[in-house]
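Asker: Sending over a structure as structure tokens; questions will come in a sec.
The values are calculated or read from the model by the stated rules, or taken from the named source; none is laboratory data. Keep in mind it's a predicted model, so treat the numbers as computed, not measured. Please note: Cβ atoms are built from the backbone with ideal geometry, for glycine as well, and neighbour counts cover all protein chains shown. Side chains included, ligands, DNA and RNA excluded: accessible areas come from the protein's heavy atoms. Shrake-Rupley method; radii C 1.70, N 1.55, O 1.52, S 1.80 Å.
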Amino acid sequence: MINTMNYYGRNGIPFIFIIDFLVQNPIIVPFNKVDNSEILYDFNGFTNSRFCSSHPRTILLNKKPVSYHTYKSAFDVINNHQTRGDSYLANLTFPTGIDINLTLREIFEHSRSQYRLWYRNRFVVFSPEPFVRIENGVISSFPMKGT
């Protein structure tokens, strides 16, 4: 995986990479070989997709967040650690189940996000900022947490 990414980088071949949390199913594909039926992307206007401004039906969304008690308990733990000086930055997140009457592809196609990705109707991701930035030969990463 790293060797493939290094090869593409060394040879100036733009590529997309998708790496799951456990790094068990990494995907590395040069942009010119991306199959639009499997991967759609829009990285600040560099895209292989289109934007839909309207949707023909009413969108039904039901969120299932954790309880206030669960969130407050976790928040209190983090707050205590920050008060003690153990950390100055924390990202408290919980999975939030949803029911929605759209497919993941429809969600991708109708979203407005600077950076977005749809993969094989398995997941869709959005972010307001880039994960990696290259400017004047310097590679940097300053992602917001939780996006």
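Asker: Just check the chain against the gyration tensor rule for me: Cα atoms, a ≥ b ≥ c as the square roots of the eigenvalues, rounded for a/c under 1.5, and otherwise prolate or oblate depending on whether a/b exceeds b/c.
Answerer: Oblate shape, in that a/c is at least 1.5 and b/c is the bigger or equal ratio.
Asker: Among the trypsin sites (Lys or Arg not before Pro) in segment 1-61, which ones are in a DSSP loop with at most 12 other Cβ atoms within 10 Å of the Cβ? Mind listing them?
Answerer: Arg50, Arg57
Asker: With each pseudo-label sitting 7 Å past Cα toward Cβ, what's the Leu60-Asp86 distance in nm, one decimal?
Answerer: About 4.4 nm separates the two model spin labels.
Asker: Here is a further query. Any idea what the relative contact order of segment 11-109 is, in percent, if you count C-alpha pairs under 8 Å spaced at least 6 apart?
Answerer: 23 percent
Asker: Turning to a different aspect of this structure: Can you sort Phe131, Phe94 by 1.4 Å-probe accessible area, starting with the largest?
Answerer: Ranked list, largest accessible area first: Phe131, Phe94.
Asker: Using DSSP to call loops (not H, G, I, E or B), can you name the chymotrypsin sites (Phe, Trp or Tyr not before Pro) in segment 4-87 whose Cβ has at most 14 other Cβ atoms within 10 angstrom?
Answerer: Phe21, Phe51
Asker: Give me the number: length gained by fully extending Val77 to Ile13, i.e. 0.36 nm times residue separation minus the C-alpha to C-alpha distance, one decimal in nm.
Answerer: 18.5 nm
Asker: Could you work out [θ]222 nm for the chain from helices alone, using -39500 (n - 2.57) per DSSP H run of at least four and dividing by all its residues? Round to the nearest 500 deg cm²/dmol.
Answerer: Result for the chain, helices only: -7000 deg cm²/dmol.
Asker: Here is a follow-up. Using a Förster distance of 22 Å, how high is the FRET efficiency between Asn48 and Ile134, based on the Cβ-Cβ distance and rounded to 0.05?
Answerer: 0.60
Asker: Still on this structure: Mind checking the full-extension length gain between Asn121 and Ile107? Use 0.36 nm per residue of separation minus the Cα-Cα distance, one decimal, nm.
Answerer: 4.0 nm
Asker: Compare Ser37, Ser140 by solvent-accessible area with a 1.4 Å probe and give them largest first, with all protein chains kept in place.
Answerer: Descending order: Ser37, Ser140.
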